[in-house]
Amino acid sequence: MSQPSFPPAHGRFVTFEGIDGAGKSSHIEALAEWARARGAEVVLTREPGGTPLAERLRELFLHEGMDALTEALLVFAARRDHLSRVIAPALARGALVLCDRFTDATFAYQGAGRGFDLAVLAQLETWVQAGRQPDLTLWFDVHPGEAARRRAAVRSADRLEREDEAFFARVRDGYAQRAHAAPARFARIDAAQTREAVRADAIAALASRPWFADTADGQERPDERA
Ligand code: TMP
């Protein structure tokens, strides 16, 4: 059987990554508002999740005990549904897709964090994504100790968030390796800065991409200003 493919992309695909507690999620909505105010059709979504099926897989993933291969199979199953039903159609009609986590998280958490076979993850990536990759990945980077303090201050921990600091140090290293391997795609944001400075850096990283002008007309609409 030939590899199932996706329709050609006319939009752009931006992903947000970082260890739990880096604070990325609070910036995605602000970035979406900023891009919408400049004329982009923005689709805001997340992984695991983004479709009814993938959201159900997310619940299992976050709360049931399982080994690293099962984790990888679940996130890639969720990803396949999400890509087919939401991401690929949005990119085909020219939208700017902002996705809270994607496959770099699998390499960082299951690969570097759990020590799972990277070659197996790469094979799953090939099958599931059929060549589809983000155009830009904003990596919110912060020391695992600071991330743990932030998590403790705001929420009760899910299964992955209960991992120790050594786990998150490996996950952070995993992101660093992914960024090193794809420097043109990655933008590292220093997430230890103030919220305003992090937001400004994230916006600057998106605005500086030459293709951003194609997904937005660049004209700020005063009544929609973020
Ligand atoms: P979130 O808290 O950013 O919504 O992410 C859910 C958790 O799932 C987070 O701890 C990271 C983890 N995760 C993986 O372990 N592998 C993956 O492929 C993805 C997308 C998330």
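Every read-out reported here was derived from the displayed coordinates using simple, explicitly stated rules and does not represent laboratory data. What you are looking at is a predicted structure, and each value in this text was computed from that prediction instead of being measured. In this analysis, Cβ positions are derived from the backbone assuming ideal geometry, glycine residues included, and neighbour counts consider all displayed protein chains.
Assorted remarks:
- Loop sites in the range 131-226: GluC sites (Glu not before Pro), DSSP, at most 16 other Cβ within 10 Å: Glu220
- The chain: most fluctuating residue of Pro210, Pro89, Pro134 per GNM, C-alpha cutoff 10 Å: Pro210
- Karplus-based coupling profile of the range 148-158, in residue order and whole Hz: 5, 4, 5, 4, 4, 6, 10, 7, 7, 7, 8, with θ = phi - 60° in 6.51 cos²θ - 1.76 cosθ + 1.60 and x standing for Gly or Pro.
- Potential lengthening between Phe6 and Val154 on full extension [0.36 nm per residue; Cα-Cα distance subtracted]: 49.4 nm
- Distant-in-sequence amide H partners of Arg46 (H built 1.01 Å from N, under 5 Å): Asp100
- Dipole in debye (nearest 20) - the range 12-215, about Cα centre, beta carbon charges: Lys, Arg +1; Asp, Glu -1: 440 debye
- Sorted by Cβ density within 10 Å, fewest first, the residues Thr194, Thr45, Thr126: Thr194, Thr126, Thr45
- Of the GluC sites (Glu not before Pro) in the range 1-103, those whose Cβ has at most 13 other Cβ within 10 Å and which sit in DSSP loop: Glu64
- Cα lying deepest toward the dipole's positive end in the chain, options Pro144, Val171, Ile28, charges on Cβ: Ile28
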